[in-house]
Structure formats: C-alpha cells, structure tokens
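Here the structure is laid out as structure tokens; the discussion comes afterwards.
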Amino acid sequence: MRFRLIPRDEAFFPLFDEAATNLAECAGLLRDVIGGLGDIRAGHARIGECERRGDELTQAILRRLDQSFVAPFDREDIHALTEQIDDVVDDIHAVSELMMLHDVDEPLAEVRELADVLVKAADAGVGLIAKLSRLRGIEADLQSVDRLESEGDRIYRRCVARLFSGDFNAFDVLRWKDIVEAIEESINGLEKISDVVESIALKHT
C-alpha cells in the first residue's frame, strides 16, 4: 500500500464529472434536434451553450493542472483527457452547425440511428469518468463504448452506401455525407476518451 506525504489533488474528479455530463447533455440536445423534437436554430443555440460551458471546464481543469502540486495521475494524461472531452463537444457543435447551414428538414433514418448511438456512448462515458477516482469496475463501460463505436461504424457505412445508391441528387449526397461523417467523428471521439481512461488505469492499477 502506497502512502503519500502530500495527498493528491481530488478536485479534478468533480470537474471531469461535470465535463462528461456536459458532453452527454450536448449529445442529447443534438438527438432532439435530429429527431425533430426541437427547432434547429433553438437547438443549435443550446448546443452552443454547452460548447461554451465545455470550454470553461477545459480551462478550469488546465488551470488547476498548472497549480496542482500532486495531480491524481500523470499530467499528460489529464491534459489528453481534458482536450479529448472538449474535442467531442466541439464535434457535436459542428454537427449542429452543419444541420443548420444545410437547412435540414427531414433527417435520414441512419442519421437518427447515429444520434442514438452517440447519446448511448456519451452516457457510457459519464459512467466511465465517474470511476476515474478509483479506476475500478471500468471494464463494462469500456466494452460498451467500444461496442457502440463499432455499431456507429456499421450505420455510417450503410448510410454512405445508400447515399451513393443513385436515389439522391448530388447536393443531398454532399450535405448528408458531411453530417454523417461529423456524427461518426463525434462517436469516434468518445472511444478516444475511453482509450485515455483505459491507459490511465493500466498505469495506476
């Protein structure tokens, strides 16, 4: 059993929890917009609020990292995890912006499916980040994110195949391809978050 003369800084964990929860809220808002449950412009504005909150949390974590004498784990890992969470929120905001710019009125079925996968993966990420302080019992969450990322890949490939089937005009192909690629990038980003957490666990357990 290891003892520390100076206790580690535990204040990082609630900040990470808040950042993960903000990400999940952002994903849920995007799903609502895609599902037709909210006006695109109003939804984009709320997603923008999440994006700004994410930036604030990122800065708060990085400031604390600069000031902390004993971080709970390697500083480069804290930095990588912080930036990756922020990147996913930015990616979700980009999806919302694309939908607004392309004036989407009726989303493809596969886009709705991808949004559902994104929300599930974000929720799994919240559970994973909540276990950072102990780094125990994370296997199920890691497997869940990995499974969802693979499901997202399958939906993405199916969607692209349909887009290029000849049933859509060139403009619709381009705008929907932009959107589905951006959602897939968000889902891939969630897997990168789980990869960082897994790496931290391997180093510290």
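The values are calculated or read from the model by the stated rules, or taken from the named source; none is laboratory data. As the structure is a computational prediction, the values presented were derived from the model and not from experiment. Ideal geometry is used to build each Cβ from the backbone, glycine not excepted, and the neighbour counts take in all protein chains shown.
Among the candidates V173, V180, which residue alone is under 23 Å from C50 (Cα atoms) and not in a loop (DSSP other than H, G, I, E, B)? Break it down stepwise before answering.
Working: V173 fails: under 23 Å from C50 (Cα atoms).
Just one listed residue meets the conditions, V180.
When you scan region 104-115, do you find a residue that is surrounded by fewer than 22 Cβ atoms within 10 Å (Cβ to Cβ), at pLDDT below 95 and touching a His at 6+ places or on another chain (Cβ under 8 Å), even just one?
No, the conditions are met nowhere in region 104-115.
Any residue in region 4-12 that is within 20 Å of S186 (Cα to Cα) and of a type in the set (D, E, K, R)?
Kept after step one, since they are within 20 Å of S186 (Cα to Cα), are these residues of region 4-12: none.
There is no residue in region 4-12 that is within 20 Å of S186 (Cα to Cα) and of a type in the set (D, E, K, R).
Restricting to region 59-103, and then to whatever is buried (at least 20 other Cβ atoms within 10 Å of the Cβ) and of a type in the set (S, T, Y), can you tell me which residue is nearest to the chain's Cα centre (by Cα)?
T82
Given the condition in contact (Cβ under 8 Å) with a residue 12 or more places away in the chain, closer than 18 Å to D123 by Cα, part of a helix (DSSP H, G or I) and hydroxyl-bearing (S, T, Y), answer yes or no: does some residue in region 143-162 qualify?
Yes: region 143-162 contains one or more residues that are in contact (Cβ under 8 Å) with a residue 12 or more places away in the chain, closer than 18 Å to D123 by Cα, part of a helix (DSSP H, G or I) and hydroxyl-bearing (S, T, Y).
Hey, can you tell me all the residues within region 20-45 that are free of Cβ contacts under 8 Å to residues at least 60 places away in the same chain and either out of contact with any helix residue (DSSP H, G or I) (no Cβ under 7 Å at 6 or more places or on another chain) or farther than 10 Å from S96 by Cα (or both)?
Those that are free of Cβ contacts under 8 Å to residues at least 60 places away in the same chain and either out of contact with any helix residue (DSSP H, G or I) (no Cβ under 7 Å at 6 or more places or on another chain) or farther than 10 Å from S96 by Cα (or both): E25, D32, L37, G38, D39, A42, A45.
Condition check ((1) crowded, with 17+ Cβ neighbours inside 10 Å; (2) of a type outside the set (V, I, T); (3) in contact with a Ser or Thr (Cβ under 8 Å, 6 or more places away or on another chain)) across all residues:
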{"site": "Y156", "(1), (2), (3)": "yes, yes, no"}
{"site": "A170", "(1), (2), (3)": "no, yes, no"}
{"site": "I179", "(1), (2), (3)": "yes, no, no"}
{"site": "S199", "(1), (2), (3)": "no, yes, no"}
{"site": "L202", "(1), (2), (3)": "no, yes, no"}
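Anything in region 163-205 that is among the hydroxyl-bearing types (S, T, Y) and touching a residue at least 60 places away in the same chain (Cβ under 8 Å)? List them, or say none.
Taking region 163-205 first, the residues among the hydroxyl-bearing types (S, T, Y) are 165, 186, 194, 199, 205.
Passing the criteria: S186, S194, S199, T205.
Give the residue, chosen from G137, G125, that is under 22 Å from the mean Cα position of the chain (by Cα) and surrounded by 21 or more Cβ atoms within 10 Å (Cβ to Cβ). So that I can check it myself, show each step before the final result.
Values: G137 fails: surrounded by 21 or more Cβ atoms within 10 Å (Cβ to Cβ).
From the options G137, G125, the qualifying one is G125.
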